[in-house]
Amino acid sequence: MAFLKRRHWLGGALAVTVGAGLSVTSFEARKDHRAADAPSQQPWSRSFGVAWVFSSGGPRGFVHVGVIKALDELGLQPDLIVGASAGALVGALRAAGHRGLALQALALQAQPWRVTRLNPWGPPWLSGDALADWVRDHTAQRSLEQLDVPMACVAHRPAFGDVVALNQGDTGLAVQASSAIEGDFAPVLLRGEAFVDADLHTPLPVRLAQRLGALRVLAVDASAHEDQAPPGTEAWRAGDLRKRALTEPDARAADLLLHPDTGYYAGLSRAYRERVIDIGYRETLRQAEALRALHRV
């Protein structure tokens, strides 16, 4: 099995998608989306009891599938879902009604290269346009505000140095923007502004969910347990520590944190997916009592 680091070019949300038909080139990569359904952040005029927050994490994002499977089995329901990168993809599918077992079936059929297109305007030389198409197909062409559960896809705006919670407009385009790995995939242009993956800035957007009105937060961190890194991984130590510095404040802000140990290395094989999904599922069930208490009115 070929192992992949979390910033591999097939990482981010692409690790948990299924076939949309690979195109040789993408002529959407330079398109500035200005239509009325272009994703945007709009204020919500209400609060939300419990938010499920799903982190970025590349192929480790399969763990979110197992967590959702267990949460659904426990009969728990979110009032809001917030996701970054891989978490935005999995979260949008759950918000659209794909529950645990159905979501697991999609994950195990995943062919990430089929949602990757070449960007002739690069660098970056890759585009996630096909990912947006696939998400639209699997959310019945519904916009974010039409999903079963309120959903926010977190993306970074390099020009402003901030993160934005895209909660209205084209669901596929919002997921693509949240998953556009900085430096690897073409940014998504929305009304003249470039949006990219928030992994390098806000990989676990708990405090953002609270600013959106979440009263209680269940956070799912798909990052590596760097303290258990095996020998030979020293070259990645700086990146691990940078990621932990970013996730730690949000982890502390969560009412309940799930950080399943999926192992240091990540991959795309079916065996890897099955293992990681199972780890997320079992870890969530072990926290059943605390989870029920968090969701209790």
Of all residues in the stretch 256-290, how many are assigned to a helix (DSSP H, G or I) and surrounded by fewer than 21 Cβ atoms within 10 Å (Cβ to Cβ)? 13
Test for Ala159: is it open to solvent by less than 10 Å² (accessible area, probe 1.4 Å) and assigned to a loop (DSSP other than H, G, I, E, B): no
Give the residues of the stretch 94-135 that are modelled with pLDDT of 85 or more and touching a Ser or Thr at 6+ places or on another chain (Cβ under 7 Å), sorted by residue number. Ala96, Asp129, Ala130, Leu131, Trp134, Val135
Cβ pairs under 6 Å, 6+ apart, first in the stretch 270-288 and modelled with pLDDT of 95 or more, second assigned to a helix (DSSP H, G or I) and of a type in the set (Phe, Trp, Tyr): Val276/Phe62; Ile277/Phe62
Scanning the stretch 162-198 for residues that are open to solvent by 10 Å² or more (accessible area, probe 1.4 Å) and among the acidic types (Asp, Glu) gives Asp162, Asp170, Glu182, Asp184, Glu193
Cβ-Cβ below 9 Å, separation at least six or inter-chain, first residue in the stretch 67-96 and without any contact (Cβ under 8 Å) to a residue 12 or more places away in the chain and among the charged types (D, E, K, R), second assigned to a helix (DSSP H, G or I) and open to solvent by 10 Å² or more (accessible area, probe 1.4 Å): which pairs? none
Within the bounds of the stretch 44-53, is there any residue that is open to solvent by less than 10 Å² (accessible area, probe 1.4 Å) and hydroxyl-bearing (Ser, Thr, Tyr)? no
Looking at this structure, is Ser143 of a type in the set (Ser, Thr, Tyr), within 20 Å of Phe48 (Cβ to Cβ), open to solvent by 10 Å² or more (accessible area, probe 1.4 Å) and touching a strand residue (DSSP E or B) at 6+ places or on another chain (Cβ under 9 Å)? yes
Is the stretch 208-217 home to any residue that is under 13 Å from the mean Cα position of the chain (by Cα) and closer than 23 Å to Pro150 by Cα? no
Just one of Ala95, Ala88, Ala107 is surrounded by 23 or more Cβ atoms within 10 Å (Cβ to Cβ), among the small types (Gly, Ala, Ser) and either within 13 Å of Thr284 (Cβ to Cβ) or touching a Cys at 6+ places or on another chain (Cβ under 8 Å) (or both); which is it? Ala88
Would you please list the contacts, defined by Cβ atoms under 6 Å and residues six or more apart or on different chains, that run from a residue in the stretch 225-246 that is small (Gly, Ala, Ser) to a residue that is at pLDDT 85 or above? Ala229/Tyr264
Check the stretch 88-96 and report whether any residue there is of a type in the set (A, V, I, L, M) and part of a strand (DSSP E or B). no
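The values are calculated or read from the model by the stated rules, or taken from the named source; none is laboratory data. Keep in mind that this is a model prediction, so the values were computed, not measured. Counting neighbours? That spans all protein chains shown, and the Cβs are built from the backbone with ideal geometry, glycine included. These accessible areas exclude ligands, DNA and RNA; they are computed on the full protein's heavy atoms, side chains included. Shrake-Rupley method; radii C 1.70, N 1.55, O 1.52, S 1.80 Å.
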